[in-house]
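Asker: Mind looking over this structure? Questions follow.
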Amino acid sequence: MAALGNPEMLTRKIKLWDINAHITCRLCEGYLIDATTVTECLHTFCRSCLVKYLEENNTCPTCRIVIHQSHPLQYIGHDRTMQDIVYKLVPGLQEAELKKQRDFYQKLGMEVPGDIKGELCNMKAHLESQRNGEVKSEDAAKEGDEKPEEDNDYHRSDEQVSICLECNSSKLRGLKRKWIRCSAQATVLHLKKFIAKKLNLTSFNELDILCNEEILGKDHTLKFVVVTRWRFKKSPLLLHYRPKMDLL
């Protein structure tokens with residue numbers, strides 16, 4: 001019987017190509033970028049690939065199950081866990097993607113979003129530490145531990161979205177402060193909970209949030225809403241809320 005401490009039993013190397021099928025997009029056949037999962041069947045694709053596909057289809061590209069007859073985009077959601085796994089497994093992928101995004105914004109003469117700047121700075125610092133050697137002496141390690149806590153920033157600087165929340169029903173009162181600014185990674189569900197709390201509603205399920213008179217899915221991120229519903233319009237993003245009983 002093998003000993004429990006045998007390193008050969010604890011270490012198992014897996015080649016990247018052995019798991020490529022699980023971390024690539026079926027539509028573009030590349031590694032997943034901004035991984036997005038269909039809630040009906042849990043198949044995952046690049047967000048841009050899936051959104052483009054669903055402009056003319058309402059079924060999953062993999063299993064062909066009907067996502068929704070008329071609004072399939074409301075039944076897909078950002079899969080942050082899957083994207084984190086892909087970035088950790090594929091060397092250099094995250095850095096390359098962030099540089100592409102930065103170059104895209106600079107080419108259009110637009111300001112680079114804060115989350116992209118933050119990620120690039122973090123990666124540069126990480127690469128510099130690797131070049132200088134990962135193993136530190138005991139004295140250097142102690143010196144690093146004594147640095148002030150404010151020098152270490154462990155928080156992501158997310159891209160921000162400005163929103164105007166307007167009431168679209170006489171059955172609800174409007175918010176005292178309808179202008180808010182929050183992370184682009186926040187979802188419609190977060191907004192529902194925020195509005196319900198501010199208006200002292202019994203449940204956020206009593207609300208619908210609309211953009212351009214279209215009801216938004218609760219799993220949509222604000223970045224997704226801006227890209228798909230507000231792409232060529234100026235900030236802020238205008239959203240309306242109303243009770244579900246007001247459905248047209």
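The values are calculated or read from the model by the stated rules, or taken from the named source; none is laboratory data. All values derive from a computational prediction rather than experimental measurement. Please note: Cβ atoms are built from the backbone with ideal geometry, for glycine as well, and neighbour counts cover all protein chains shown. Side chains are part of the model used for accessible areas, which takes the heavy atoms of the whole protein and leaves out ligands, DNA and RNA. Shrake-Rupley method; radii C 1.70, N 1.55, O 1.52, S 1.80 Å.
Asker: Quick one: Asn205 ticks every box in (1) farther than 22 Å from Asp158 by Cα; (2) out of contact with any helix residue (DSSP H, G or I) (no Cβ under 9 Å at 6 or more places or on another chain); (3) assigned to a helix (DSSP H, G or I) bar one, so which box is it?
Answerer: (2)
Asker: Run down Lys171, Lys193, Lys218, Lys198 and say which single residue is within 16 Å of the chain's Cα centre (by Cα) and open to solvent by 80 Å² or more (accessible area, probe 1.4 Å).
Answerer: Lys218
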